[in-house]
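Asks: Once you've had a glance at the structure underneath, I'll fire off some questions.
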Amino acid sequence: MVNPKRVLLVSTTTGYQTRSFGEAAERLGVELVLATDRCHQLDDPWRDAAIPVRFYDEEDSLHAVIEASSSRPVQGVIPLGDRPTVLAARIAESLGVPGNPVAAAEISRSKLATRERLASAGLVTPWFRRMARDADPSPLALELSFPCVLKPLGLAGSRGVIRADNPTQFVMAFERLRQLLADPSIMATRDALNETLIVEGFVAGREVALEGLVEDGHLRTLAIFDKPDPLDGPFFEETIYVTPSAMPPARQRALEAAVARAIVAIGLRHGPVHAECRIHDDIVVLEVAARPIGGLCARALRFEGPGEDCISLEELLLRHACGEQTQHLMREAVSSGVMMIPIPARGIYRRVDGVDAARSVPGVYDIRITAKPDQLLVPLPEGASYLGFIFARGERAEDVVQALRTAHNRLEFVIDREIAVSRL
């Protein structure tokens, strides 16, 4: 009997994206091996035989994965989320399977290191300054140009990103971020990046995202997403992603060239990438993450090839990790998009009404409400989640965007005010 191919998935927790990979692996007959950040003292609490790792303790985590893989060799390694990218690179290097250089993964994880590398490579970048979390922001506020943006180095998904238009707003934003980074849930990660902030010039223009695969250092674009809602601050909550992009072909080629230059500058060599860019007069690469698009957003992407049915992004990435040729797989011809449902206000989530009405909107093919009853909802910049996701397809991108907005307008979220508890 032929042993199945194995792929190691390195993730912070077992979540929606992990389950999507599990479903794809089952369809392919690939054995999925999990390495997740969980309590190592509990005996397989999720019954998934995952290898427990700690991202703040890479040496012990690397040893645990290598030991477990000695009897279960893997053909590839895929990181989910930003934090696992460095450990995934170390694992791939130690196991002798394709992956990114460890130094490149470390650069891609840090907004500051990325800025430094892209600037030294001659790419267009905003001005930027490094600030320690315990610094006094008042003197610097008098030296800066405005508007500017403050960003924690270790947080993802626009969490903690705040625009300031004057010195007073800058000091207030800095103190707000200092308080956020002192939150016990963030402190518990023991991520050294959270000791530092980056302050950079605000880049005007629309924002786009590029989903791609890197093979031997060369970028292969899988999709370019437009973000039709302006992201001008003071916070930067993303809502709608829609593909294909409405940008002229020449502009799309220029975007791909800029991201490809950034990939070379950072040193990424193999695996999925997710790039965020701003487009005004110039193309500014904001970041290139060495992992796929996060959460359930990948459900907006499907790929097809000659004589093959449509497959998910997860299936494409698993096939790529197993060493299969995937160049013949292209994104489906129709337009598709996803709305990440924003949290309107802090409070206790109770329920959502109007889901059936939202599902009936032409073009909408799925709605996933991920908020749980009695969950405390926290909006950006402190929050780290969404209420759920809406998915739509259509002949034109504008039809998809309209379907997403219409469906969202039919949803009514019941959120109670948080009751403050005083300590006696």
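Asks: Over the alpha-carbon set of the chain, divide Rg by the Kirkwood Rh and report the Rg/Rh ratio to two decimals.
Replies: Details: Rg = 21.4 Å, Rh = 22.5 Å.
On the Cα set of the chain, Rg over Rh gives 0.95.
Asks: Please compute the per residue accessible area over the chain with all protein chains in place, 1.4 Å probe, rounded to a whole number of Å².
Replies: That works out to 45 Å² per residue.
Asks: Something else now. Each residue of the stretch 62-79 in order: what ³J(HN,Hα) in whole Hz does its phi give by Karplus 6.51 cos²θ - 1.76 cosθ + 1.60, θ = phi - 60°, with x for Gly and Pro?
Replies: 4, 4, 5, 5, 5, 4, 5, 7, 4, 9, 9, x, 10, 8, x, 10, 10, x
Asks: Given labels modelled 7 Å from the Cα in the Cβ direction, how far is it in nm from residue 127 to residue 220?
Replies: 4.2
Asks: Give the aspartates and glutamates whose C-alpha is closer than 13 Å to that of residue 227, dropping any in the same chain fewer than 8 places away, or say none.
Replies: 207, 237, 238, 276, 398
Asks: Arrange the peptides 320-332, 132-144 so that the one whose residues have, on average, the most other Cβ atoms within 10 Å appears first.
Replies: 320-332, 132-144
Asks: OK, next. If you take the beta carbon distance between residue 357 and residue 281 as r and set R0 to 51 Å, what does 1/(1 + (r/R0)^6) give as a FRET efficiency, to the nearest 0.05? Write out the running numbers ahead of the final one.
Replies: Working: r = 43 Å, r/R0 = 0.84.
It comes out at approximately 0.75.
Asks: May I ask you to compute the full-extension gain from residue 166 to residue 119, defined as 0.36 nm times their residue separation minus their alpha-carbon distance, rounded to one decimal in nm? The partial results should precede the final answer.
Replies: Values: separation 47, 0.36 × 47 = 16.92 nm, distance 2.53 nm.
Stretched fully, the residue 166-residue 119 segment lengthens by 14.4 nm.
Asks: Can you tell me the relative contact order of the stretch 305-416? Whole percent, Cα pairs under 8 Å, sequence separation 6 or more.
Replies: Once divided by the residue count of the stretch 305-416, the mean separation gives 35 percent.
Asks: Separate question: If R₀ is 45 angstrom, what is the calculated FRET efficiency for the pair residue 13 and residue 414, using the beta carbon separation as r and rounding to 0.05?
Replies: 0.95
Asks: Right, something else. Using the beta-carbon distance between residue 63 and residue 143 and R0 = 56 Å, what value does 1/(1 + (r/R0)^6) give for FRET efficiency, to the nearest 0.05? Don't skip to the answer; put the middle values down first.
Replies: Numbers: r = 46 Å, r/R0 = 0.82.
For R0 = 56 Å, the calculated efficiency reads 0.75.
Asks: Across the stretch 17-22, in residue order, what do the Karplus-derived ³J(HN,Hα) couplings come to in whole Hz, using 6.51 cos²θ - 1.76 cosθ + 1.60 with θ = phi - 60° and x for Gly and Pro?
Replies: Once θ is set to phi - 60°, the couplings for the stretch 17-22 become 5, 4, 5, 5, 5, x Hz.
Asks: Mind listing the phi-derived Karplus ³J(HN,Hα) values for the stretch 105-122, rounded to whole Hz, using 6.51, -1.76 and 1.60 with θ = phi - 60°, and x for any glycine or proline?
Replies: 4, 5, 5, 5, 6, 9, 4, 5, 4, 5, 4, 4, 5, 5, 5, 5, 8, x
Asks: Would you calculate, for the chain, the mean residue ellipticity at 222 nm contributed by helices, counting each DSSP H stretch of 4 or more residues as -39,500 (n - 2.57) and dividing by all residues, to the nearest 500?
Replies: -9000 deg cm²/dmol
Asks: Still on this structure, please answer the following. Expressed as a whole percentage, what fraction of the accessible surface of the chain belongs to carbon and sulfur atoms when a 1.4 Å probe is rolled over the protein heavy atoms?
Replies: Its accessible area is 51 percent carbon and sulfur atoms.
The values are calculated or read from the model by the stated rules, or taken from the named source; none is laboratory data. Bear in mind the structure is a predicted one, so any value in this text is a computation, not a measurement. Methodologically, a virtual Cβ is constructed for each residue, glycine included, from the backbone with ideal geometry; neighbour enumeration extends over all protein chains shown. When the accessible area is computed, the model is the full protein with side chains, heavy atoms only, and any ligands, DNA or RNA have been set aside. Shrake-Rupley method; radii C 1.70, N 1.55, O 1.52, S 1.80 Å.
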